[in-house]
Structures are given as C-alpha cells and as structure tokens.
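Notes follow once the structure below has been shown.
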Amino acid sequence: MGECNITVFDNINGEIRRRNISQDQLCDIIGINRRRYVDWQKKNDMPLSYFKKIAQYLGVSLDYLFRDVEGVK
C-alpha cells in the first residue's frame, strides 16, 4: 500500500473548500499571488507568518491547520 502523507496544505485547501473560498481569494487575503502559494505548496514549505495569517483569517489555530501532518508534534 502507498503512503498517504497529509500536508498542511491539504488541511488548508480542505478548509477553504468547506468555506467556499478559492485559493485566489485566500492569496489576496494573505497578500501573495497564487503562483507563490502554488510554489510553496509544491515544496510543502511556507513562512510561518503566512500560516499564522491563514489561521487567523480562517478563525482556527495553527494546531488545527497542522493536525495529522506527519512529523509535526
């Protein structure tokens, strides 16, 4: 069986889908262009300050965004 590793971006994208928010809207809110978001998503890396902005915008904690992400405790 293949591994199914959850990333923080999976959690973010799931949350914005539930709220009917597009990635473009999220990028506008946090002050980046979509290309940068997609690049960070591919690398599974984003500056912590942007994770904080996303959590604040969505009204959730960083713990919530990082739930079930392997290697994060």
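The values are calculated or read from the model by the stated rules, or taken from the named source; none is laboratory data. All of these numbers come straight from a predicted model, not from anything done at the bench. Here Cβ is always computed from backbone atoms with ideal geometry, including for glycine, and neighbour counts include all displayed protein chains. The protein model used for the area step is the full one, side chains on, heavy atoms only, and it has no ligands, DNA or RNA in it. Shrake-Rupley method; radii C 1.70, N 1.55, O 1.52, S 1.80 Å.
Suppose the filter is under 11 Å from the mean Cα position of the chain (by Cα) and either in contact (Cβ under 8 Å) with a residue 60 or more places away in the chain or open to solvent by 90 Å² or more (accessible area, probe 1.4 Å) (or both); does LYS52 pass it? In short, yes. When the residues of segment 22-45 are filtered to those that are out of contact with any Lys or Arg (no Cβ under 9 Å at 6 or more places or on another chain), in contact (Cβ under 8 Å) with a residue 12 or more places away in the chain and part of a loop (DSSP other than H, G, I, E, B), the one that is farthest from THR7 (Cα to Cα) is ILE32.
The residues listed here are ASN5, ASN11; of these, the one that is touching a helix residue (DSSP H, G or I) at 6+ places or on another chain (Cβ under 7 Å) and polar (S, T, N, Q) is ASN11.
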